[in-house]
Structures are given as C-alpha cells and as structure tokens.
Amino acid sequence: SPLLPCFRVAEFALALKQAGLKTCCLFSCFSWRCLPCPGLEESLDRKLFGQHLVNKVVVKAVKGFLNNTNPKKPLALSLHGWTGTGKNFVSKIIAESIYKRGLKSKYVHQFVATLHFPHADSINLYKDQLQSWIRGNVSVCPRSLFIFDEMDKMHAGLIDSIKPFLDYYELLNGVSYRKAIFIFLSNAGAEKITEVALDFWRKGRTREDIQLTDMQNALSVSVFNNKNSGFWHSTLIDRNLIDYFVPFLPLEYKHVKMCVRVEIESRGYAVDEDILTRIADEMTYFPREERIYSDKGCKTVYAKLDYYYDF
C-alpha cells in the first residue's frame with residue numbers, strides 16, 4: 001500500500017481502531033505507514049522480561065517524542081546494564097516500532113565502538129567522520145536514528161564531538177537535528193544498578209519496588225566518573241543532554257526461564273519443562289553466596305538451546 005501523507009495518519013489509524021485492530025504507524029522519513037501491528041508498548045511487555053523500569057521509561061520517552069510535532073532537541077536515551085539484560089534487544093524493538101524495516105532501515109545507523117572506532121590515535125579522524133555522517137544523514141532524513149553500542153569501550157572524548165547535534169539549537173548550518181533519536185548502549189554503571197537491586201532484595205523488597213528515582217542520579221554520576229566509559233567527564237552528561245539514563249536490572253533465575261520458553265516457542269517447538277529447567281540451572285549466578293542474578297543475563301540461552309534441541 002502507498003505511504004500515507006502525514007495529515008492522513010490519524011484519520012487512517014482511527015479507522016483501523018474502529019475496526020478493532022491495533023495499529024502502529026511506521027516511519028519512512030517524511031511519511032508514515034499505518035498498519036494493524038503490535039506497538040512499542042505491547043512488544044516490550046511481551047518480549048522483555050524483568051525490566052519494569054525500561055518498559056515504563058522507553059515507552060513514555062519514545063511515544064512522547066514522536067507525538068511532539070515541535071521538539072526542542074533530539075531524543076537521547078542511554079541504556080545501561082550487564083550483558084544479556086536486553087539493551088540491544090530494546091534498541092531493535094524501538095527501531096521496529098518506528099521504521100518498516102527496523103534496524104535494516106536506511107534511516108537507522110549503528111556504531112560499535114570496537115569496530116568503527118578501534119584506534120585511540122585516530123580519534124580526531126573519527127570525530128570528523130562521525131560529525132559528517134550524522135550531518136549528511138539528518139540532512140536527508142530529519143527522523144534518523146543513531147545507535148552507539150559499547151559506549152563503555154569508546155575512547156573518552158570521542159562522543160563529545162556530537163554534542164552540537166544533541167543540543168537545543170534550532171538550526172546548525174541550515175540543518176535541524178531536533179527530530180533525530182540517539183541511543184547509547186553501555187555496560188558502564190551496571191555495578192551501581194546491581195548494588196541498588198541487591199539492597200532492595202536484602203531488605204525483602206521486590207525488584208518492582210525499585211523506582212527510576214532510586215537509580216537515575218547515582219547512575220549518571222557513576223557513568224560520568226567511570227574512566228573506562230566513553231561518557232567519562234562527557235559534556236553530554238555535564239550539559240544534561242541525555243534525556244534518560246535507563247537502568248537494565250540484572251536478570252533472575254525466573255527471567256532466564258522466561259527467555260528460554262519464548263525462544264523455544266519462537267522456533268515452533270513444544271516446551272519441554274525439564275530441558276527448560278536444566279538450561280536455566282546451567283547458567284552461572286551471582287553474588288556467590290546468594291546466587292540471585294544471571295551473570296550473562298539471557299545471552300547464552302540460544303546456544304544452549306541448540307545443544308538440547310535437534311533443530
């Protein structure tokens with residue numbers, strides 16, 4: 001079906017809703033395509049486990065930003081937590097909720113620190129290349145998405161080169177960056193997140209009792225002062241240009257089992273409860289005494305499934 005002009009999006013979405021169909025409007029740079037499909041909130045509720053803070057913050061931030069016809073600055077989200085807790089997965093869901101081709105869209109740009117910026121002595125070259133890439137792509141499509149992975153491995157100072165693009169400028173050399181989205185993924189701050197989660201657990205409180213206010217300030221300070229982080233003393237944090245620091249809590253045994261179950265079902269196989277339990281039991285957990293949290297989250301679940309099932 002042809003792309004709908006922006007002024008017809010609400011009209012078409014309402015028609016689908018009246019027909020009893022859930023809708024989402026997928027972006028194609030200057031136009032939107034409204035289809036009966038799962039939205040951001042539904043996808044997170046169904047596919048992401050143990051991350052009530054993430055669900056709440058990401059849905060509010062992304063939907064609010066996309067519904068704002070005149071944002072004052074780009075949206076900047078910084079996702080923090082241990083490996084396997086869902087950071088890359090959430091960035092994928094965000095991309096799929098905005099663009100028809102998700103991460104494969106030509107309007108989505110992914111950078112991996114160790115792949116794209118490996119050499120410390122080339123940092124000035126990387127700064128120029130990064131600025132040029134962002135400037136060129138936002139000029140073509142104002143609603144571009146930029147994802148920076150492995151921020152904890154990025155050379156300090158490099159990310160500050162994009163500071164002008166995240167600021168409150170109406171135009172920079174004739175280009176507006178206010179409708180762009182920037183997502184940063186990092187393991188930095190994971191210790192602080194675990195510290196808070198453990199404190200709640202040891203006091204007999206549930207993880208769902210944890211509020212964003214229990215995390216955000218301590219997390220931003222921790223990341224800012226982490227010398228092994230690309231955000232070390234970054235002007236992006238110092239100038240409050242990161243809109244949300246989103247904490248991903250370490251995953252518990254029950255969440256690992258949820259990951260295993262969903263992956264088995266997604267491959268079209270009946271769930272064998274014995275295998276499901278054995279895979280979850282084989283994961284390693286920390287702290288050593290309590291063994292509460294999976295040290296790899298759900299990351300190695302998929303490889304273990306290949307071993308147990310003859311796919």
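Taken over the range 220-244, the criterion of being at pLDDT below 85 and among the basic types (Lys, Arg) is satisfied by LYS227 alone. Looking across the range 170-192, the residues that are open to solvent by less than 10 Å² (accessible area, probe 1.4 Å) and assigned to a strand (DSSP E or B) come down to ILE181, PHE182, ILE183, PHE184, LEU185, SER186. Residues in the range 132-153 that are open to solvent by less than 10 Å² (accessible area, probe 1.4 Å) and either assigned to a loop (DSSP other than H, G, I, E, B) or modelled with pLDDT of 95 or more (or both): ILE134, VAL138, CYS141, SER144, LEU145, PHE146, ILE147, PHE148.
Within the set PHE111, PHE89, the sole residue that is within 25 Å of TYR293 (Cβ to Cβ), in contact (Cβ under 8 Å) with a residue 24 or more places away in the chain and not in a loop (DSSP other than H, G, I, E, B) turns out to be PHE89.
Among residues of the range 159-176 that are under 22 Å from ASN124 (Cβ atoms), those with a Cβ under 9 angstrom from a residue that is at pLDDT 95 or above and of a type in the set (Ser, Thr, Tyr), sequence gap 6+ or separate chain, pair up as SER161/TYR126; PRO164/TYR177; PHE165/TYR177; LEU166/TYR177; ASP167/TYR177.
When LEU26, LEU14 are checked against the criterion of being in contact with a strand residue (DSSP E or B) (Cβ under 9 Å, 6 or more places away or on another chain), aliphatic (A, V, I, L, M) and modelled with pLDDT under 90, LEU26 stands alone in meeting it.
Among residues that are open to solvent by 70 Å² or more (accessible area, probe 1.4 Å), at pLDDT 95 or above and assigned to a strand (DSSP E or B), GLN129 is not included.
Restricting SER97, SER122 to residues that are of a type outside the set (Lys, Arg), surrounded by 15 or more Cβ atoms within 10 Å (Cβ to Cβ) and part of a helix (DSSP H, G or I) narrows the list to SER97.
The helices (runs of 4 or more DSSP H) found entirely in the range 198-311 that carry 3 or more residues being open to solvent by 60 Å² or more (accessible area, probe 1.4 Å) are 253-266, 273-282, 301-308.
The values are calculated or read from the model by the stated rules, or taken from the named source; none is laboratory data. Model, not experiment: these values are computed from the prediction. FYI the Cβ positions are ideal-geometry reconstructions off the backbone, even for glycines, and counts take in every protein chain you see. Each accessible area value is taken on the protein alone, full model and side chains, heavy atoms only, with ligands, DNA and RNA left out. Shrake-Rupley method; radii C 1.70, N 1.55, O 1.52, S 1.80 Å.
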